[in-house]
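Following: one structure in structure tokens, then a few remarks.
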Amino acid sequence: SLESQEESIRAFCINKNILILDFFVDKSSGKNFNRPQFQKAVNYLKESKGEIDLFLTKRIDRFTRNTKEGLEFIDKIKTFGTEVNFVDDWLDDSGSSQGQMVQTIKMAVATYERQVINERCRLGERVALRGGRYCKTPPKGYYMGELSNGKACIEPSKDAPLIKALFEDYATGQYAQSELIKKYKHKGLTLSKSALSRMLDNVSYMGFIDLKKHNIEPYTLIKGLHIPIISESTFYKAQEVKNGKNRMV
């Protein structure tokens, strides 16, 4: 937890006779440096150039999981006259050639671990999708819930009735997409033209998963485990209208 990490850092600083001037806490992942508090900390070091000796983080993988960017930011922080070091990966000689080599190796290990985790997640997603369980980012009108076995799967959200009504309106052939965007914006459903177009083509709404879309063989439609928002007939009627085959106006 963030609290236990802070306690560990404070205890470490007491043992090392390090005076803490400020604390910056980010809840974001260490996969990149686009983290508000990290950027605030760097600006603090820049404004206090030559006055701060140490930038201390709990672990290297909390600082970064990208070796190239990590080394670049360490070099940047050093230009402010500040050493970068880590509680759990402390190096007494972090500024030496050997110390820099050790830091680089540990960053490379953190990068490798992140890549392995990402690969496992992608494999898990592919297995889930092939089995009919949609566990990727939910389409509008769904949220990430879970099945009776506790595994993640999309479920209809509070916007589902609006999505259903929108499809049914469009399937009549009496509305242009721009008209539906205006109509449903007043009902609380905000859509861009491109988002609406993608929505009308999304088979998830009728309870299916397009394996081809996710680059999973065999490239086919399969019945999903999630609850459909619209019927198959409504979806295909909407497709006919979208393709200009059944437009009344």
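The values are calculated or read from the model by the stated rules, or taken from the named source; none is laboratory data. The model shown is predicted, which means the values in this text are computed figures rather than measured ones. With ideal geometry, Cβ positions are generated from the backbone for all residues, glycine too; neighbour counts draw on all protein chains shown. These area figures cover heavy atoms from the full protein model, side chains too; ligands, DNA and RNA do not enter into them. Shrake-Rupley method; radii C 1.70, N 1.55, O 1.52, S 1.80 Å.
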Fraction of beta bridges assigned by DSSP in the chain that are antiparallel (%, nearest 5)
65
Options [x] 63, 46, 33; [y] 68, 38, 37; [z] 77, 38, 30 for Cα extents along the principal axes in Å; the value derived from the coordinates is listed as [z]
With +1 on the Cβ of every Lys and Arg and -1 on the Cβ of every Asp and Glu, the dipole magnitude of the chain about its Cα centre, in debye rounded to the nearest 20, is 1360
Theoretical ellipticity at 222 nm over the chain - DSSP helices of four or more residues, -39500 (n - 2.57) apiece, nearest 500:
-14500 deg cm²/dmol
Which of I60, I20, I117 fluctuates most in a GNM of the chain (C-alpha springs under 10 Å)? That residue is I20
Return the lysines within reach of K27: Cα separation strictly under 20 angstrom, same-chain partners fewer than 8 residues apart disregarded; answer none if there are no such residues.
K40, K58
When each of K136/K237; K151/K242; K187/K242 is checked by Cα-Cα distance, pairs over 24 Å:
K136/K237; K151/K242
For the chain, the per residue accessible area (1.4 Å probe, Å²) is 59
Among chymotrypsin sites (Phe, Trp or Tyr not before Pro) in the stretch 145-249, those in a DSSP loop whose Cβ has at most 12 other Cβ atoms within 10 Å are Y219
Please give me, ordered by residue number, the trypsin sites (Lys or Arg not before Pro) of the stretch 6-56 that lie in loop per DSSP and have at most 14 other Cβ atoms within 10 Å.
K16, K27, K49
Using a probe of 1.4 angstrom, how much of the accessible area of the stretch 33-192 is carbon and sulfur, in percent?
50
Of P218, P156, P139, which is the most mobile in a GNM of the chain whose springs link Cα atoms less than 10 angstrom apart?
P218
In the stretch 123-184, GluC sites (Glu not before Pro) in a DSSP loop with at most 14 other beta-carbon atoms within 10 Å
none
